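Report on the structure given below.
Derivation of every value follows stated rules applied to the coordinates shown; laboratory data play no part. The model shown is predicted, which means the values in this text are computed figures rather than measured ones. A quick note on method: Cβ atoms are made from the backbone with ideal geometry, for glycine too, and the neighbour counts reach across all protein chains shown.
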Amino acid sequence: MTEFYVYIIDDDPDVLDSIAYLLRTSGYTVKPFNSVFSFLESNDLETPGCVLIDLIMPEISGIEAMQLLDKRQIRFPVIIMSAYGDIEKAVSAVKQGACEYLEKPFAKNKCIQAVETARTIWNQRTDETGDNGIQYLQLYDGLTRREKQVFHLIAEGHSGKQIANSMSISYRTMEKHKANVLNKLGVSSTTDIVHILYKIKDMPGYRKNDASDSPQ
């Protein structure tokens, strides 16, 4: 298996040590840093990996750090973590390119799952065929108009209650539509929905206006 590092960036030394220990004891090679700039100044960024970075830090925010990494052409998948998480920040982070969002304190299995998602994304990038975008567009086209409406409202960061109110339906009905969307797309989280939208939104054949038509 190709070597894969987890580069951890957090200004809290206790949190940094704790996450590093969690991942090391789970079999990962980790490289901890106490700031974005110490990470950028490192001479040890040749090994493929992912970046696990705190959203709120004194010098620069996690989202600003992602923009800086992009300018430096450091293309590692990024996992954002924060103790002050909410869906708007999660959506904002994903729109900037984060592959996962972890709210502190997070369970060990959640962290490992996020790292494995990042590893999968990295592997896909190394031999990208473009087929997955086409497949997602086909799956999206298979959604009903109501389901497409829910899909877009979720991707825009609306809560379940907001979606139900916007569509003038009960929360229970909204949950049913959401479950259908996740099932038909073959994904398990709202973060995945945001990723899918950003994969298909510029593809020929994608149409959003169906989502505002009369429901099926």
- Taking a ≥ b ≥ c as the square roots of the Cα gyration tensor eigenvalues, with a/c under 1.5 meaning rounded and otherwise prolate when a/b beats b/c or oblate if not, the range 19-90 comes out oblate
- Amide H contacts under 5 Å for Gly49, restricted to residues at least 5 apart in sequence or on another chain and with H modeled in the peptide plane, are Tyr5
- With label points built 7 Å along Cα→Cβ from the Cα atoms of Lys71 and Ile121, find their separation and express it in nm. 2.1
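Can you give the charge dipole size of the range 1-75 about its Cα centre, rounded to the nearest 20 debye, using +1 on the beta carbon of Lys and Arg and -1 on the beta carbon of Asp and Glu? Walk me through the numbers before you get to the answer.
Details: 5 positive and 13 negative charges, 67 e Å.
Approximately 320 debye in magnitude.
Would you please put 146-154, 57-65, 4-12 in order of how densely packed they are, using the mean number of other Cβ atoms within 10 angstrom per residue and starting with the highest? Walk me through the intermediate numbers first.
Details: 146-154: 23.4, 57-65: 16.9, 4-12: 20.7.
Peptide ranking by packing, descending: 146-154, 4-12, 57-65.
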- As straight-line cross-link partners of Lys89, the qualifying aspartates and glutamates (C-alpha separation under 20 Å, not fewer than 8 residues apart within one chain) are Asp10, Asp11, Asp54, Glu59, Glu64, Asp70, Glu100, Glu103, Glu156, Asp192
- Lys/Arg Cβ at +1, Asp/Glu Cβ at -1, dipole of the chain taken about the Cα centre: which of Met81, Ile9, Phe39 is farthest positive-ward? Met81
- Message: Under 22 Å between alpha carbons, and skipping anything fewer than 8 positions from Lys148 in its own chain: which lysines qualify?
- Response: Lys95, Lys161, Lys176, Lys178, Lys184, Lys199, Lys201, Lys208
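Looking at the square roots a ≥ b ≥ c of the eigenvalues of the Cα gyration tensor of the range 1-122, which shape do they give, rounded for a/c under 1.5, prolate if a/b is larger than b/c, or oblate? Each step should come with its number before you reach the end.
Values: a/c = 1.22, a/b = 1.07, b/c = 1.13.
Here the range 1-122 falls in the rounded category.
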- Can you list the residues, at least 5 places off or on another chain, whose amide H is less than 5 Å from the amide H of Ile8, using H built in the peptide plane? Lys31, Phe33, Leu52
- Message: How tilted is helix 108-126 with respect to the longest principal axis of the chain? Cα atoms for both, answer in degrees (0 to 90, nearest 10).
- Response: 80
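With +1 on the Cβ of every Lys and Arg and -1 on the Cβ of every Asp and Glu, and nothing else charged, how large is the dipole of the chain about its Cα centre, in debye rounded to the nearest 20? All intermediate terms of the calculation are to be shown ahead of the outcome.
On the way: 24 positive and 29 negative charges, 209 e Å.
The calculated dipole for the chain is roughly 1000 debye.
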- Query: In deg cm²/dmol, rounded to 500, what helix-only [θ] at 222 nm does the chain give when every DSSP H run of at least 4 residues adds -39500 (n - 2.57) and the total is split over its residues?
  - Reply: -15500 deg cm²/dmol
- If one compares the long axis through the Cα atoms of helix 145-155 with the longest principal axis of the Cα atoms of the chain, the angle in degrees, nearest 10, works out at 30
